[in-house]
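Each remark here refers to the structure printed beneath this line.
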Amino acid sequence: MTGLLTHLVTAYGAAQIEHDLAMAFGNEFNIQDVTPFALADHCVRCGIDRKFFARELKVLCALAVQVTQDLSADPVYTPDERAFIHDLAKAVRERASLLSAMAVHIGRFKDSDLI
């Protein structure tokens, strides 16, 4: 699990990397533009139960925060790398916080308003 989340952290945390997604959430291909509506729309289009998605999103966000905290404390990193890891972990925590807060809103849309 740590390996997978490490790759996700690397891909989405670095400010100098473009964050265009290969697959959209709703109509959003940029992670910064994803909204609760876009997540709900994504669920409907993909046939994913929105309550399940919201619950799993919150779990994944909590795991991402924990893994970044663990990585930040890992003694394997040099002092120069620690600064980068610190910034990366901060970005992941911020994104996880936003996505986790969005999760409660995913089920509030009417199915007829989606797609």
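The values are calculated or read from the model by the stated rules, or taken from the named source; none is laboratory data. From a predicted model like this one, the values you see are computed outputs, not experimental measurements. Quick reminder, even Gly has a Cβ in these numbers, built from the backbone with ideal geometry, and neighbours come from all protein chains shown.
Among the conditions (1) out of contact with any strand residue (DSSP E or B) (no Cβ under 9 Å at 6 or more places or on another chain); (2) at pLDDT below 85, the only one that Met23 does not satisfy is (1). Among the residues of region 97-115 satisfying the criterion of being hydrophobic (A, V, I, L, M, F, W, C), surrounded by fewer than 16 Cβ atoms within 10 Å (Cβ to Cβ) and out of contact with any Lys or Arg (no Cβ under 9 Å at 6 or more places or on another chain), which is modelled with the highest pLDDT? By that ranking, first place goes to Ala101.
On the stretch given as region 69-96, residues that are more than 19 Å from Val34 (Cα to Cα) and either in contact with a Lys or Arg (Cβ under 6 Å, 6 or more places away or on another chain) or small (Gly, Ala, Ser) (or both) total 4. Filtering region 39-87 to residues that are small (Gly, Ala, Ser), at pLDDT 90 or above and either loosely packed, with under 12 Cβ neighbours inside 10 Å or touching a Cys at 6+ places or on another chain (Cβ under 7 Å) (or both) leaves only Gly47.
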